[in-house]
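In what follows, a single structure is set out as structure tokens and then discussed.
The values are calculated or read from the model by the stated rules, or taken from the named source; none is laboratory data. Note that the coordinates shown come from a computational prediction; the quantities given were computed from them, not determined experimentally. Positions of Cβ are generated from backbone atoms using ideal geometry, with glycine treated the same way; all protein chains shown enter the neighbour counts.
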Amino acid sequence: GGRFGWRDALMRYVSNPEDYQTQIYWMDSDLMAIYDAYPKARVHLLLIPLKHKIMSLDNLTGDPSHVRLIEDMQRRGIWLIERLREHNPELKHGQVHMGFHAIPSLRLVHMHLISDDFDSPCLKNKKHWNSFTTDFFIKPSEVIEALKDTGRFHPDERHFTEILRMPLKCHRCGETQSLMPKLKAHIARCTGERGWATRQALKRRESSI
């Protein structure tokens with residue numbers, strides 16, 4: 001128990017998968033997909049390598065085995081999304097996105113698979129929101145490209161810390177909301193058209209005149 005701090009939580013799964021059967025969605029000999037302990041949407045999995053103990057994206061190099069790992073994670077992510085859509089009827093109309101956090105809170109390279117309903121009590125603040133709906137959420141293809149081009153992937157910490165402080169913005173229509181509860185109420189109704197909420201507000205105003 002005491003071997004791992006909270007930042008090493010993922011190491012527990014990799015070291016002793018047999019202790020976490022109920023939290024594992026899928027695994028093979030190379031990768032494991034677990035349910036996020038604090039899901040930020042109805043569907044939220046983490047895909048973790050089992051054979052490579054790479055602590056963060058910073059530790060990746062242009063080594064062919066590293067490039068191959070991220071390519072494998074991307075391929076498996078696409079496969080898992082298909083499987084999730086088959087087994088979760090509520091995902092029919094939504095999207096499931098995959099990506100890495102530019103500055104992750106947990107050690108061990110892991111990729112998020114998350115549905116875009118963002119319907120979860122664990123999604124509580126601006127940092128949570130912006131970590132999935134801005135450039136802070138990095139596609140595997142971006143990592144692969146950087147490793148092939150430059151042999152490294154080093155996110156600019158200052159830049160990405162700033163991104164987490166950006167205003168709350170609806171990922172569907174781009175409308176800005178002042179507070180998380182307002183954003184959640186907006187998302188539940190948003191059709192994705194740009195300016196949709198503004199038109200709704202105008203209609204309400206007109207009908208009350």
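The table below lists the values:
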{"item": "Residues located in region 74-98, provided they are without any contact (Cβ under 8 Å) to a residue 40 or more places away in the chain, of a type in the set (A, V, I, L, M, F, W, C) and in contact with an Asp or Glu (Cβ under 8 Å, 6 or more places away or on another chain)", "result": "none"}
{"item": "Residue within region 146-158 that is crowded, with 17+ Cβ neighbours inside 10 Å, closer than 24 Å to residue 63 by Cβ and free of Cβ contacts under 8 Å to residues at least 12 places away in the same chain present", "result": "yes"}
{"item": "Number of the condition not met by residue 113 [criteria: (1) hydrophobic (A, V, I, L, M, F, W, C); (2) in a helix (DSSP H, G or I); (3) in contact with a strand residue (DSSP E or B) (Cβ under 7 Å, 6 or more places away or on another chain)]", "result": "(2)"}
{"item": "Within region 11-40, tally of residues that are surrounded by 18 or more Cβ atoms within 10 Å (Cβ to Cβ), of a type in the set (A, V, I, L, M, F, W, C) and either more than 20 Å from residue 74 (Cα to Cα) or touching a Lys or Arg at 6+ places or on another chain (Cβ under 7 Å) (or both)", "result": "2"}
{"item": "All positions within region 97-117 that are within 18 Å of residue 190 (Cβ to Cβ) and buried (at least 21 other Cβ atoms within 10 Å of the Cβ)", "result": "114, 115"}
{"item": "Test: residue in region 163-174 that is closer than 19 Å to residue 46 by Cα, buried (at least 17 other Cβ atoms within 10 Å of the Cβ) and of a type outside the set (Ser, Thr, Tyr)", "result": "no"}
{"item": "Tabulated pairs, region 36-57, first closer than 13 Å to residue 25 by Cβ, second of a type in the set (S, T, N, Q) and at pLDDT 95 or above, C-beta under 6 angstrom, 6+ apart or interchain", "result": "39/120; 43/115"}
{"item": "Filter result for residue 38 (part of a loop (DSSP other than H, G, I, E, B) and either at pLDDT 95 or above or not assigned by TED's automatic domain parsing to the domain that holds residue 130 (or both))", "result": "yes"}
{"item": "From 131, 120, residue being assigned to a helix (DSSP H, G or I), outside the structural domain of residue 178 (by TED's automatic domain parsing), within 25 Å of residue 91 (Cα to Cα) and in contact (Cβ under 8 Å) with a residue 12 or more places away in the chain", "result": "131"}
{"item": "Filter result for residue 130 (among the polar types (S, T, N, Q), loosely packed, with under 13 Cβ neighbours inside 10 Å and at pLDDT 95 or above)", "result": "no"}
{"item": "Failed condition for residue 69, given (1) at pLDDT 95 or above; (2) more than 25 Å from residue 7 (Cα to Cα)", "result": "(2)"}
{"item": "For residue 186: the one exception among (1) assigned by TED's automatic domain parsing to the domain that holds residue 132; (2) surrounded by 13 or more Cβ atoms within 10 Å (Cβ to Cβ)", "result": "(1)"}
{"item": "Selection status of residue 25, at pLDDT 95 or above, in a strand (DSSP E or B) and over 20 Å from residue 131 (Cβ atoms)", "result": "yes"}
